[in-house]
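The block underneath contains the structure these notes are about, expressed in structure tokens.
Each value in this text was obtained by applying a stated rule to the coordinates, not by laboratory testing. Every value quoted in this text rests on a predicted model; they were computed, and no experiment measured them. Don't worry about glycine lacking a Cβ; one is built from the backbone with ideal geometry, like all the others, and counts go over all protein chains shown.
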Amino acid sequence: MTQHVNTAVLDLLSLQTVSPFRMWVQNLWIDNCEERLVYRQDPVTMQQYWKTHKWWIKSEYRIHNGKKFS
């Protein structure tokens with residue numbers, strides 16, 4: 001795990017109430033960081049990941065959970 005991932009886990013633990021969507025995105029991002037490390041790429045921040053993939057993330061969440069966003 002990288003420093004980014006470790007920081008994300010600590011941030012997650014410090015929050016009292018986290019939405020299921022936010023937790024799902026956090027898990028996707030951690031998986032992405034680990035995959036990037038396998039291919040010897042630098043991991044991106046969660047903000048960068050969200051900015052780059054937000055439409056795909058929302059679409060996937062709708063498919064898997066059947067929920068719409070406002």
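Computed from label points 7 Å out along Cα-Cβ, the spacing between HIS64 and GLN47 is 2.5 nm.
The length gained on full extension between VAL18 and GLU35, counted as 0.36 nm times the residue separation minus their Cα-Cα distance, comes to 3.7 nm.
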